[in-house]
Each structure stands twice: as structure tokens, then as C-alpha cells.
Amino acid sequence: MTDNNSFGILGGDGRQIALAESIASDGYAVRAYGFDSVSFSEGVRKSGLRETVEHSENIILPLPVTSDGTHLKMDCCDDRVVLDDAFAELLRGKLVFGGRMGKLYRTSELWDSIDACDYCAREEFAVRNAVPTAEGALETAMHEYPGTVHGSRCLVAGFGRLGKTIAWMLRGIGADVAVSARTQPDLAWIESFGYRALPADRLGEGTFDLVFNTVPYPIFSRPVMRRMKCRPLLIDLASPPGGVDPEAAEETGVRVIRAPSLPGKVAPKAAGEIIKRTIYAMMEE
């Protein structure tokens, strides 16, 4: 019953909507489940869960596949799909792609025998995804900060892919940029790029208007927050549970905006294209 070169999109958000449309525009057969509130073009056929899987060679799951570890992420549908042995059995024999698959793998031992790939773990995905994430972070800052980002004193916590991209964009619009990192090589690179380097063990020092956290670990702890002489707007971009102790932020009067998964909110079309390019590359390999 499977069509050749066919794709089934199961659940997700605006990224998966754009992804389905983009794959269909490449001439592939695309079915989608979990998008009751969405009007697709003629190239994307909406159908039930079982029908979508049965007629598709390749199955694409959301990013993340699940938020609660129990149900498939479906922002455009009221249905609730439980991730269990029955769901895994349904996908047996398919080539399955998904983002942040760890929680999914723990829902059934059957995943050990299913050909599943995590597109979020690919380096090229992470690098490309940093751009819409950084743009979303700047958009958040421009909307929430009462001053201008140009001329503001900014701290970027972390010098990974996202930290590098945000720092570069901030300097491009005239911000005064400092970057915090843990290792000496990273601190040397930060200085070589012309940013001010702040060792991680001195986090909380200095005066900043805006802080962008990219570190998925609670580095903004109570001791760090208490060392802050300023009360910046802190935009936390890290994956849950984030990098900020919320109780410490409230105690010290630091306003924190949690902003994970920005590409799906601010640039779903670009984010969908990034997912598609990554999956195509994985299939070619």
C-alpha cells in the first residue's frame, strides 16, 4: 500500500505546515495528520493517523516529538495521540524522522527495531537553525525592551552556535556586546572577534541592559542573580528547564522572558525549509 517517495507528516506546528507544503512542491506525495485547523494546498492530503502512515514511506514527526513524554506534539489539532507500543508498532517498517527523540524512545522498547533518525541532532540543522532563533531573540528584545538595542549593553551567555550568531547580529545593529563562556579557548575566540569576554565564574558582574541566555543549564542561579548590580531584561532561549532560577529572578527583580522554540513562532517557513534540507541530506546518506 506504500507509495514510492512518499511522506507522512504527523503533528507539529507552523514548521511542519511549511515543511509539508515545501515537500509537496518538490513533487512528492505528502499526507498530513494532526492539522484539523489548517488549509493545505492541493499537494498535501489530510488523512487519519493510520491512513497517513500506511500510505507513506517516510514519516516525519515534530520538533520536539513530545513535550510531556506521553503524547505527540500537535498544536493544530484537538486529538491526542499516546506514544506507546501501539504507536511504535504502527511505524514499524517506516523510515522515521523527528526532533529531540529521546523522550519518544523511552515510550516503547519497539523503537530499538525501528529505523528512526533525529534531525535535530545534526550539526548542519543546528547551525542553520541558529539564524531564525537569533532573529527571533532580537525581535523579542526590540518588542520588550523600552530602549533601543542599538547602543544597549548586551550580554550573551554561551558561545555555541546560537551564542555566536546572536553576538554577531547584535554587533551588526550597534549594540555593545559582551559574551560569557566557560573555557579558555572560547574566551580567546570571543576576544578575537572583538567582543568583551566574561568568564563564566564571573557571571553576574558588569552592567547590562539585555541578557540573552543560550546555555541549557541553570547558570543564572540565586548567587549569580544576587551578584547582579543591574536589573536587565533577561531573554532565556535555552531548552526546558532553561538557564534561569525563576524564584531567584523574582526575588532580585530581574524580568525574565522564556523564549524557547523561536523558529516555529517567528519564522516557520524558514524553519520548515531547514528541517526539509536536513532530512533530504540524511536520506541521501
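The values are calculated or read from the model by the stated rules, or taken from the named source; none is laboratory data. All values derive from a computational prediction rather than experimental measurement. Counting neighbours? That spans all protein chains shown, and the Cβs are built from the backbone with ideal geometry, glycine included.
Applying the criterion of being in contact (Cβ under 8 Å) with a residue 40 or more places away in the chain and part of a helix (DSSP H, G or I) to the residues of segment 101-130, the residue that is surrounded by the fewest Cβ atoms within 10 Å (Cβ to Cβ) is GLU124.
Annotation: ALA134 fulfils all but one of (1) more than 21 Å from the chain's Cα centre (by Cα); (2) under 21 Å from PHE220 (Cβ atoms); the unmet one is (1). Can we say PHE97 is in a loop (DSSP other than H, G, I, E, B), modelled with pLDDT of 95 or more and among the aromatic types (Phe, Trp, Tyr)? Spelling it out, it is not the case that PHE97 is in a loop (DSSP other than H, G, I, E, B), modelled with pLDDT of 95 or more and among the aromatic types (Phe, Trp, Tyr). The residues listed here are ILE257, ILE279; of these, the one that is modelled with pLDDT of 95 or more and surrounded by fewer than 21 Cβ atoms within 10 Å (Cβ to Cβ) is ILE257. Within this structure, PRO246 passes the test of being free of Cβ contacts under 8 Å to residues at least 12 places away in the same chain, in the same structural domain as GLY151 (by TED's automatic domain parsing) and over 19 Å from THR165 (Cβ atoms).
Of all residues in segment 131-160, those satisfying the criterion of being in a helix (DSSP H, G or I) and touching a residue at least 12 places away in the same chain (Cβ under 8 Å) are VAL131, PRO132, THR133, ALA134, GLU135, GLY136, ALA137, LEU138, GLU139, THR140, ALA141, GLU144. In segment 228-240, the condition of being on the phi > 0 side of the Ramachandran plot and either at pLDDT below 95 or touching a strand residue (DSSP E or B) at 6+ places or on another chain (Cβ under 7 Å) (or both) is met by no residue.
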